[in-house]
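Data block below; observations after.
Every read-out reported here was derived from the displayed coordinates using simple, explicitly stated rules and does not represent laboratory data. Fair warning: this is a prediction, and the values are worked out from it, not measured in the lab. For neighbour counting, all protein chains shown are included, and Cβ atoms are generated from backbone atoms with ideal geometry for every residue, glycine included.
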Amino acid sequence: MGGTAWEPPRPDMGEGAFWFGGSHTASRPTSDRRTTMAKKQREKKEQTYDEELYRIRHSAAHVMAQAVLEMFPEGKIAIGPPIKDGFYYDFDLPRPLTPEDLEKIEERMREIIKGKHPFIRREVTPEEARELFKDQPYKLELIEDILSRGTDEYGNPLPEGERPTLTTYKHDTFEDLCRGPHVEHTGQIPVNAFKLLNVAGAYWRGDENRPMLQRIYGTAWKSPKDLRRYLNWLEEVKKRDHRRLGKELDLFSTHPDVGAGLILWHPKAGFIRHMMESFAKEEHLKHGYVFVYTPHIGKSILWERSGHLDFYKENMYAPMDIDGQDYYVKPMNCPFHIMIYKSRIRSYRELPIRMAEWGTVYRYERAGVLHGLMRVRGFTQDDAHIFCRPDQMPEEIDKVLQFTLHILRSFGFEDFQAYLSTRPEKAVGSDEMWRDAEKALEDALQRADLPYEIDEGGGAFYGPKIDLKLKDALGRTWQCSTIQFDFNLPERFDLTYIGEDGKEHRPYMIHRALMGSMERFFGVMIEHYAGAFPVWLMPTQVRVIPIADRHNEYAAQVVEKLQAAGIRAEGDYSDDRMNAKIRKAQLEKIPYMLIVGDKEVEQGTVSLRTRTGEKQNNIPLDAFIERVHKVVAEKALI
RNA sequence: GCCGACGUAGCUCAAUCGGCAGAGCAUCCGCCUUGUAAGCGGACGGUUGUCGGUUCGAGUCCGACCGUCGGCUCCA
């Protein structure tokens with residue numbers, strides 16, 4: 001699948017973020033995450049922010065709230081912002097909403113919209129506001145926050161220069177605490193271009209200690225055509241869902257008796273993963289990495305020293321008792337790599353050491369967050385730790401970022417978004433180390449000419465990092481790669497090398513994973529390619545289809561020649577009709593089907609049909625072999 | 001973990017008010033010998049996720065557990 005011309009991103013991104021399609025995704029900076037944008041990015045975002053859509057969606061949320069309150073007069077309302085692709089509103093209601101309720105609400109919304117009720121803005125005093133919302137505890141909390149903390153109604157900081165004022169917008173019978181903007185009257189919400197999608201639980205203010213509200217998600221557009229396109233896109237997303245394709249293509253499974261979030265890789269996926277890993281490992285060797293292998297468990301003293309039992313314990317599985325000692329299954333590989341580093345004295349001459357391992361780790365993830373291959377409890381990282389001297393650090397960062405892009409591009413990803421996370425308030429390591437590291441990361445990003453955002457204070461306490469998100473064929477972004485400084489572990493484990501001066505020095509340690517985890521990356525690959533992987537990765541590249549069984553012998557000869565040429569080919573000698581064989585191969589997304597019948601036997605040729613529907617009759621086998629060789633060499637799609 | 005929904009053959013789904021558990025595909029066995037996405041017929045396949053409860057009787061009602069899905073929260 002090529003890039004879709006129109007690519008609305010998914011509707012589940014950050015709170016308060018407002019996204020609009022086109023090939024650039026964009027967020028309106030209303031979230032309370034401390035995110036500052038690079039200038040380039042900010043300009044891009046201003047261009048794609050669509051105020052008309054914002055108004056429509058924001059207004060649709062108000063109309064929905066009115067409809068819900070009419071249904072449940074005793075209901076409490078929370079917040080209802082526009083988001084990319086739509087809007088939501090959170091409610092505290094006496095009973096759970098059903099799909100039938102949504103239909104009724106939607107119907108009532110249409111009536112309200114047709115009423116063309118004007119949206120009227122007014123400023124209110126704190127006293128007025130408190131009186132107006134005296135039965136709405138969530139609104140009262142927001143009012144106090146706006147007054148005391150100077151935030152907007154979603155708890156986000158106000159734009160510079162804006163004073164905290166209380167404003168409401170009223171249409172028909174519904175008045176809401178709101179900063180706007182809205183459409184002029186409800187009739188400007190396109191009555192046939194919105195749809196309520198689903199109900200979901202959501203904590204008040206995203207805090208799991210606070211009440212669970214019911215959130216209704218809706219989508220709204222400027223025209224029915226846009227809505228139609230969006231709904232079609234949702235269908236396409238469903239078709240590409242890696243969980244569905246994983247089953248259809250017999251790629252992987254899970255089983256309750258094995259355990260949630262633990263993946264069984266079936267032979268086809270095993271083959272593809274093998275190809276991916278072989279390639280990536282070769283590249284690692286070419287790029288100066290050394291491979292290590294380390295155990296899956298380690299004694300508690302190791303995890304105490306690394307700090308994992310202090311800071312990461314809730315993600316670790318309970319220890320097992322071995323000869324009276326506690327052993328833990330590893331959630332990370334770093335302590336083991338460090339022990340290899342520490343196994344002898346290190347000289348400045350042998351740095352950098354780039355220690356890589358396809359390390360399988362296990363992390364406890366709360367049951368509700370598990371999701372196919374994307375979020376699991378056991379996974380294999382393409383992990384490496386780079387130990388280097390301070391003077392080598394900038395170059396190492398540069399190299400690792402280039403290497404990351406090389407690997408990701410090899411797997412067919414072209415669009416990336418980078419996030420640079422800087423020093424949080426509580427942190428280990430000197431100011432100088434942080435400054436140097438952050439500078440090296442940002443310089444590398446600029447040299448790589450990557451769009452990036454800076455997440456001020458978003459780094460871990462032990463070091464700054466770059467996270468790379470890659471964009472798939474549907475324009476959705478996925479976090480896989482991470483390049484992360486660690487100022488903590490070298491201290492904790494007292495890592496040293498002997499410098500030119502004969503004295504001990506502390507090396508820098510950089511943790512990095514390029515694909516991230518094989519599980520997630522494979523999941524992203526499935527969705528990116530909709531299961532039709534590039535030819536070099538496909539377990540079966542060519543299916544030879546004899547038309548009648550008198551052609552089986554010739555088909556077998558073709559298969560043999562292809563295999564001799566290093567192409568993974570097989571014949572379909574079943575007694576299905578040719579049409580059925582084609583359909584079968586097509587459903588398996590096998591790149592090339594070679595059809596052989598009387599004509600081909602006679603002329604010593606093959607007829608080609610690709611999984612994309614391309615047809616070429618009676619071509620010489622050698623020409624086809626040449627084509628496949630080229631496509632494989634280029635890691636092309638077909 | 002929390003809110004809500006769901007779990008029937010390998011897969012996709014039926015089964016009225018609580019009254020004998022079904023279809024298509026897949027698989028297997030035959031027949032057919034075929035020209036670019038499903039040829040025809042037959043057979044096999046189930047302790048309705050698990051455990052417990054209500055009932056004369058439970059796929060259907062109730063409870064617990066396991067798992068999945070949509071979100072929230074948290075992350076490769």
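As a proxy for reagent exposure, A:His117, A:His511 were ordered by neighbouring Cβ count within 10 angstrom, fewest first; the result is A:His117, A:His511. Please work out whether chain A counts as rounded, prolate or oblate from its C-alpha gyration tensor, where a ≥ b ≥ c are the square roots of the eigenvalues and a/c under 1.5 means rounded, while otherwise a/b larger than b/c means prolate and anything else oblate? Since a/c reaches 1.5 but b/c is at least a/b, the shape of chain A is classed as oblate.
Extending 7 Å from Cα along the Cβ direction at A:Leu234 and again at A:Ile322 yields two label points whose distance is 5.0 nm. Fully extending the segment from A:Thr151 to A:Arg577, taken as 0.36 nm per residue of separation minus the present Cα-Cα distance, adds 146.5 nm.
Could you pull out which residues in segment A:355-394 have an amide N less than 11 Å from a spot 7 Å beyond the Cα of A:Asp443, following the Cα-Cβ vector? Within reach of a label on A:Asp443, which here means backbone N under 11 Å from a point 7 Å along Cα→Cβ, segment A:355-394 contributes A:391-394.
Ranking of A:Tyr317, A:Tyr138 by neighbouring Cβ atoms within 10 Å, starting from the fewest: A:Tyr317, A:Tyr138. Scoring A:275-282, A:449-456, A:355-362 by mean Cβ neighbours within 10 Å over their residues and listing the highest first yields A:355-362, A:449-456, A:275-282. Remark: A:His385, A:His274, A:His505, A:His255 ranked as A:His255, A:His274, A:His505, A:His385, counting other beta-carbon atoms within 10 Å and listing the fewest first. If R0 is 51 Å, the Cβ-Cβ spacing of A:Ala636 and A:Ser343 corresponds to a FRET efficiency of close to 0.70.
Subtracting the Cα-Cα distance of A:Val191 and A:Phe279 from 0.36 nm times their residue separation leaves 26.4 nm of extension gain. Note: relative contact order over chain A, using C-alpha pairs below 8 Å and six or more positions apart, is 11 percent. Here the simple spin-label model places points 7 Å from the Cα toward Cβ, and for A:Arg435 and A:Asp241 these points are separated by 5.2 nm. What the Cβ-Cβ distance of A:Arg492 and A:Arg366 gives, at R0 = 30 Å and to the nearest 0.05, is a FRET efficiency of 0.65. The protection proxy used here, the mean number of other Cβ atoms lying within 10 Å of each residue, ranks peptides A:105-116, A:470-481 as follows, highest first: A:470-481, A:105-116.
Screening chain A for whole DSSP H helices of 15 Å or more along their axis (Cα) with average Kyte-Doolittle hydropathy at least -1.0 returns A:51-71, A:137-149, A:267-286, A:393-410, A:518-529, A:552-564, A:621-633.
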